[in-house]
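The block underneath contains the structure these notes are about, expressed in structure tokens.
What follows is calculated from the coordinates using simple rules that are stated; it is not laboratory data. The model shown is predicted, which means the values in this text are computed figures rather than measured ones. Positions of Cβ are generated from backbone atoms using ideal geometry, with glycine treated the same way; all protein chains shown enter the neighbour counts.
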Amino acid sequence: MTVAGTKRDFYEVLGVAKDVQPNDLKKAYRRLAHKFHPDRNPDDPGSEAKFNEASEAFEGLSDAQKKERYDRFGHAGLSGAGVHDFNHMNVDDIFSMFGDVFGGMFSGGRRSRGTDLQTEVELSLTEVATGAERTIEFSRRDLCDTCDGSGSAPGSKRQTCQTCGGYGQVEQSGGLGGLFGRVITACPHCHGQGSKITTPCPECRGRGRTVKHRKLSVQLPAGIQDGQAVRVRGEGEPGEDGRSRGDLHCYVRIKDHPFLKRHDNDLVCPMPVSFTQASLGAKVEVPTLTGKAELKIPAGTQHGQLFRLRGLGVPDIRTGRRGDEIVQVLVEIPKRLDKKQQELLREFAKSENKTVLPESRGFFDRLMDYLGNSGET
Ligand SMILES: [Zn+2]
Ligand SMILES: [Zn+2]
């Protein structure tokens with residue numbers, strides 16, 4: 001806290017008279033804030049202190065109750081009155097705190113963030129593996145171009161609200177016979193704005209907002225999961241003050257791949273092979289995210305057996321480390337055999353010393369039934 005005696009008079013800081021009107025007070029502060037904004041004065045280290053001093057003076061005088069206390073008791077009257085310590089705030093905080101002074105809309109000092117929007121993008125599993133860029137088109141309620149969001153017709157002036165005298169707040173006696181003291185509420189006439197539109201903007205009929213089309217490009221990182229969202233800051237709708245926009249959330253839906261199923265960062269690929277391939281061993285081609293890979297199946301491979309193709313999965317969204325592709329072998333039993341094949345297999349069965357029915361509805365149908373009923377996978 002600054003020592004009271006060293007503090008300059010608020011009216012002197014802002015260069016206004018004691019009977020200043022709220023609109024003139026805003027103008028005076030806006031002028032100083034722009035003049036001393038540190039971004040505009042990179043070579044003057046003292047500008048931030050001046051900016052903060054003006055902000056503090058504005059806070060003290062822009063609130064009817066605080067102004068009254070300041071007028072009667074000076075700086076001492078504001079101790080404990082909920083005045084901010086501007087020396088510990090940065091310029092952006094102050095700008096958003098008094099955003100109504102700088103933006104087109106007046107919201108009586110109450111700042112509210114704009115609405116967040118959401119949209120959905122569909123990605124293929126292949127795009128998930130590499131990351132993708134998408135152009136997104138959507139509509140949002142945005143600041144009206146004609147009036148810059150103020151709602152007033154260009155050239156027309158807002159009229160100071162008669163009810164609250166431009167303060168945007170009114171005082172009501174609360175509780176029983178005022179026992180609970182005074183209650184300050186937003187002025188019901190101007191909804192806390194301190195002024196009213198005299199001539200509404202013809203484009204937006206005084207709303208200050210029109211529906212606008214927006215197109216932007218969004219980066220979707222490799223490894224993103226189905227249902228996850230990418231947040232694009234500041235692409236939502238503008239807040240009441242015309243600034244402090246909400247965000248746009250892009251939810252990701254991942255399309256099914258014809259062959260591959262995702263399990264975290266691994267991909268699972270069911271791979272049908274014939275019973276002879278499984279028995280004798282074979283080289284097979286398996287689909288991957290980028291095309292195909294060759295897999296050597298050893299002789300004696302069992303139904304359901306898993307083979308791991310390292311690094312052919314999806315990268316982790318944080319570490320970038322790739323998962324694997326896991327090939328699951330599904331041994332297929334032929335549904336139809338010609339005479340010659342039946343002969344050969346009967347011979348084979350003899351060598352195994354197994355009993356086989358001579359009918360055509362025989363060995364393999366029963367084997368299929370057996371595999372189905374035994375729950376083997
Ligand atoms: Zn307008
Ligand atoms: Zn009012």
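The calculated FRET efficiency for the pair Gln162 and Asp116, based on their C-beta separation and a Förster distance of 45 Å, comes to about 0.80. Take the Cα coordinates of the stretch 229-335, assign each an equal point scatterer, and use the Debye formula without solvent to give log10 I(q)/I(0) at q = 0.17, 0.23 Å⁻¹. The computed values of log10 I(q)/I(0) come out as -0.83, -1.17. Computed from point charges on the beta carbon alone (+1 for Lys and Arg, -1 for Asp and Glu), the dipole magnitude for the stretch 223-302 about its Cα centre is near 340 Debye.
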